[in-house]
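A short worksheet on the structure shown next.
Readers should treat all values here as calculations from the given coordinates under stated rules, not as data from a laboratory. Since this is a predicted model, take the numbers as computed values, not measurements. As a convention, Cβ positions derive from the backbone with ideal geometry for all residues, glycine included, and neighbour counts pool all protein chains shown.
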Ligand code: SAH
C-alpha cells in the first residue's frame with residue numbers, strides 16, 4: 001500500500017493505526033480481514049506491516065515498523081513475552097488477575113488478553129485477528145501455559161457473523177473452562193469474575209492501583225461506591241477499615257457478584273467487621289434520593305462507565321461529570337473524601353479535572369485534590385489514544 005505523507009509521518013513516529021482515507025494506492029483485489037498489508041513510503045522503501053481490515057475505518061493496524069519482519073508464531077511469542085515481562089512483578093504482589101496484553105499499547109493492536117489466574121481471556125476488536133488466532137494461541141501456549149483460553153468478541157464484531165467463521169463470543173479456544181465464574185487475587189484480595197458474560201472481559205483491572213489507594217483512605221469511613229459493578233472499590237474500602245459500605249449500581253447481577261466477593265474475603269477481620277449493602281438503581285436518581293433522605297458518607301467513589309465513546313458525545317459527558325460531582329457532594333460529609341474517575345478516552349484529563357473542580361466550587365464545596373492518578377503498569381500508554389483513565393482524589397470541606 002502507499003499512503004499520504006501525513007500518515008507516513010504518523011507511522012514513522014509509532015502511531016499504530018492507518019485510516020482508510022490515508023490510503024493512496026493498494027492492490028485492485030479488495031482483500032480480506034487479516035491479510036498482511038505492507039506499507040511503502042514515497043521512495044518505495046518499507047515503512048510498516050500490519051493487519052488489514054476492509055470492514056473497519058482503521059484500515060491497517062500496525063504490527064511492525066522500520067525493519068521488515070516475518071509475522072509468525074516466533075514473532076507473536078516475542079511480543080507476548082515482552083508484555084508478560086512488563087507485568088512480572090504483579091504475582092509477587094498478590095495479584096493473579098491483570099491485563100497481560102493491552103492491545104496497541106503492547107504492540108498487538110486490537111487484541112487484549114486478560115489473565116484470571118489460570119484462565120486467559122482473549123478479546124478481539126478487529127476481524128483481522130481471526131485468521132491469526134491459531135498462531136497466536138500457539139505463541140501464547142509457549143509464553144504462559146493456561147488451563148483455558150476464552151474468546152470474547154467486541155460488540156462490533158458480534159454484528160458481522162459472515163466473517164466470524166463460526167467463532168462466537170464466550171467460546172473456549174483452548175483447554176477446559178469448568179465454570180464461567182473464575183477466581184483470582186488482586187493485591188491479596190480474592191475476587192470472582194464471570195469471564196463469559198461479564199463486562200469487558202469480566203473485571204476492570206485498570207482501577208487496581210486506585211482501588212489500593214482507596215483502601216488506605218477508608219479507615220472508619222462510611223463509604224459509598226457509585227457504579228460499583230462487582231464491588232472492587234467496595235471490598236478494598238472494607239479491607240481498609242470502612243465500617244459500612246454501600247455498593248450502588250444499575251446491574252443486579254453485578255451487585256450479586258459484589259456480595260459473593262465480600263463472602264470470599266470474610267476471613268479478613270476488617271471485611272468480616274464491615275456491613276456491606278447493595279442498591280440496584282440508577283446512580284443519578286439514587287444519589288438524589290439518598291441526599292433527600294439525609295444519608296451521608298465520609299468517602300464517596302464515583303467510577304462511571306465511558307460516557308463519551310465518540311467526539312460528538314464529549315459535551316454530554318462533561319455535563320454528566322458535572323452533575324455527578326454535584327450529586328456526590330450532596331451526600332458527602334464535611335471533611336469527606338471524594339474519588340472521581342473517568343474512563344472516557346475522548347475526554348482529556350485536563351478537561352475532566354477542569355469540569356469536576358469548578359463544579360465543586362459551584363456547589364459551594366471546593367475540592368482540595370491530593371492525587372491525580374492514571375494508568376497501572378499493566379495498562380501502559382503506547383500512543384495518545386491509549387491514555388483514557390484519570391482519577392481524582394480530593395478532600396472536601
Ligand atoms: N468501579 C467498577 C467499574 C465500573 S464499570 C470497578 O472498579 O470494577 C461501570 C458500571 O456502571 C457498570 O457496572 C454498570 O452496570 C454501571 N452503570 C452504568 N450506568 C449506570 C447508571 N445509570 N446507574 C448506575 N450504574 C450504572
Practice task
For the chain, go through all pairs of different Cα atoms, get the mean of 1/r, take its inverse, and jot down that Kirkwood value in Å.
Solution key: 22.4 Å
Practice task
Neighbouring Cβ atoms within 10 Å as the yardstick, rank 208, 99 fewest first.
Solution key: 208, 99
Problem - Distance from the range 197-238 to the range 32-49 (C-alpha centre basis), Å - result: 44 Å
Fill in the blank from the handout: If each part is reduced to its alpha-carbon centroid, the range 59-98 and the range 305-380 end up apart, in Å, by 32 Å
Completion exercise
PRE zone check, label point 7 Å out along Cα-to-Cβ of residue 264, amide N under 20 Å, scope the range 152-166, hits 152
Problem - Compactness of the range 195-295, expressed as Rg and Dmax over alpha-carbon positions, Å - result: 13.1, 39
Exercise for the section: Could you sort 358-370, 106-118 so that the peptide with the highest average Cβ count within 10 Å comes first and the rest follow in order? Expected result: 106-118, 358-370
Problem - the range 1-50 pair-distance distribution - Cα-Cα, 10 Å bins, rounded % - result: 24, 62, 14
Problem - Point-to-point label distance, residue 28-residue 165, nm (Cα→Cβ direction, 7 Å offset) - result: 2.7 nm
Problem - Cα-based convex hull volume of the range 277-397 per residue, rounded to whole Å³ - result: 117 Å³
Handout entry: FRET efficiency, 1/(1 + (r/R0)^6) with R0 25 Å, evaluated for residue 141 and residue 197 via beta carbons
Key = 0.45
Exercise for the section: Report the paramagnetic label zone for residue 306: residues of the range 343-359 whose backbone N is under 20 Å from a point 7 Å from Cα along the Cα-to-Cβ axis. Expected result: 343-353
Handout entry: Taking the C-alpha atoms of the range 158-216, convex hull volume expressed per residue in Å³
Key = 111 Å³
Exercise for the section: Determine one quarter of the surface area of the Cα convex hull of the range 244-312, which equals its mean projected area, and express it in nm² to one decimal. Expected result: 6.2 nm²
Handout entry: Kirkwood Rh and Cα Rg combined as Rg/Rh, the range 109-255
Key = 1.04
Problem - Inter-site label distance for residue 40 and residue 251 at 7 Å from Cα along Cβ, in nm - result: 4.8 nm
Exercise for the section: Return a whole-number percent for the relative contact order of the chain, with Cα pairs under 8 Å and 6 or more residues apart as the contact set. Expected result: 11 percent
Practice task
For the range 3-97, list log₁₀ I(q)/I(0) at each q in 0.14, 0.15 Å⁻¹, using the Debye formula over Cα point scatterers of equal strength and ignoring solvent, two decimals each.
Solution key: -0.59, -0.66
Problem - Length gained when the stretch residue 67-residue 180 is fully extended (0.36 nm per residue, less Cα-Cα span) - result: 36.5 nm
Fill in the blank from the handout: In vacuo Debye sum over C-alpha of the range 225-271, base-10 log of normalised intensity I(q)/I(0) at q = 0.22, 0.29, 0.33 Å⁻¹, listed in q order, is -0.66, -1.05, -1.24
